[in-house]
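The values are calculated or read from the model by the stated rules, or taken from the named source; none is laboratory data. What you see is a predicted model; the values in this text were computed from it and never measured. All Cβ positions, even for glycine, are placed from backbone atoms using ideal geometry, and neighbour counts span all protein chains on display. The accessibility values were calculated without ligands, DNA or RNA, using every heavy atom of the protein model including side chains. Shrake-Rupley method; radii C 1.70, N 1.55, O 1.52, S 1.80 Å.
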Amino acid sequence: MYRSQEPPHATAFAHPETRAAWEGTRNRIRVRFLLWSLLFVGLFALSVVLNATAETDYVKRGSNQLGPAIGGLALLWYVFVLYSCLGALSRVKKARKVLEVCPWRQVAVRKAPGGKDGTGVTVQIGLSGGTPPASGDESAWSPTMAARDPRRYNRWDPQLEQGAWFAGEPGVYGVLALPGGAGPMNAQRSQANLSGERTTPGRDLESVLRGAARS
């Protein structure tokens, strides 16, 4: 059943539930980063101990091999963790920029038929407000966008297809969420549309922010 919930008229971030959902997403990323960092420190300390506390030639030879291996693997793994968490925090920050200047609007959303994108779930936003476009009316849907949960690129909540809120410019850049502001996702042009329009997500974000400032 399609859900209809009228969004507030103020900017999205002024909505208490939206702000709480955004803060919850950011805090979960921070906690994950802290836990992975503590694990890295523990593994690195273990590698140092294995190198420093050998008591026999046999143990020493084994420690000299195992310690550097653990330390090297931990370092490589932590570089990936650092890249992942900093990228997630960057996406959360961009989402806030949109939410601070754009109001929510009620929209219909669907997963794009046959669409695939390496940066998120490929979706289309209805251009007729909160009413789902008539079946077969492809002109009533936005160009494809890649919607991404800040923490994982392929996370998708099927409830979004029963009614959603969107802040930003459909087909260009914005934030997609469940009615009430829960589960915010960054939404940008799909890779195919970025190439076709010869633009970048950063340029699209700035364009949306400038447009909101003028309105």
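Note on Ser195/Ser139: beta-carbon distance plugged into 1/(1 + (r/R0)^6) with R0 of 30 Å gives a FRET efficiency of 0.85.
Let's see if you can work this out: charge +1 on each Lys and Arg Cβ, -1 on each Asp and Glu Cβ, no other charges. What is the dipole magnitude of the chain about its Cα centre, in debye to the nearest 20? Show your work: numbers first, answer last.
On the way: 26 positive and 16 negative charges, 74 e Å.
About 360 debye.
The loop-placed trypsin sites (Lys or Arg not before Pro) in the range 131-215, going by DSSP, that have at most 11 neighbouring Cβ atoms within 10 Å of their Cβ come out as Arg198. Only one residue of Asn51, Pro179, Cys102 has its Cα farthest out toward the positive end of the dipole of the chain, where Lys and Arg carry +1 and Asp and Glu -1 on Cβ, and that residue is Asn51.
Heavy atoms of the protein chains alone define the surface here; on that basis the chain has 55 Å² accessible area per residue at 1.4 Å probe size.
Counting Lys +1, Arg +1, Asp -1, Glu -1, what net charge surrounds Asp204 among other residues with beta carbon under 9 Å of its beta carbon? Every neighbour counted, the sum reads -1.
Placing pseudo-labels 7 Å out from each Cα toward the beta carbon at Glu6 and Glu161 gives an inter-label distance of 2.9 nm. Across the range 167-174, computed HN-Hα scalar couplings (Karplus, 6.51 cos²θ - 1.76 cosθ + 1.60, θ = phi - 60°) run 10, x, 10, x, x, 10, 6, x Hz from first to last residue, x flagging Gly and Pro. Only protein atoms count toward the accessible area here, which uses a 1.4 Å probe; on the chain, the carbon and sulfur part of that area reaches 58 percent. Helical content alone sets the calculated 222 nm signal of the chain at -17000 deg cm²/dmol, taking -39,500 (n - 2.57) per DSSP H segment of four or more residues and averaging over every residue. Sites listed here are trypsin sites (Lys or Arg not before Pro) in the range 77-124 whose DSSP assignment is loop and whose Cβ has at most 14 other Cβ atoms within 10 Å: Lys116.
Across the range 105-160, the mean sequence separation of Cα contacts (distance under 8 Å, 6 or more residues apart), normalised by length, yields a relative contact order of 36 percent. In the chain, a dipole from Cβ-located charges (positive for Lys and Arg, negative for Asp and Glu) runs towards its positive end, and of Gly211, Gln159, Leu66 it is Leu66 whose Cα lies farthest in that direction.
Take every Cα pair under 8 Å in the chain that's 6+ residues apart, average their separations, divide by the length, and report that relative contact order as a whole percent.
22
Roughly how far apart, in whole Å, are the Cα centres of the range 13-50 and the range 85-101? Centre-to-centre distance over Cα atoms comes out at 16 Å.
Using a simple spin-label model with pseudo-atoms 7 Å out from Cα toward Cβ, Ser90 and Ala14 lie 3.1 nm apart.
Screening the chain for whole DSSP H helices with an alpha carbon extent of at least 30 angstrom along the helix axis and a mean Kyte-Doolittle hydropathy of at least -0.5 yields 16-52, 57-101.
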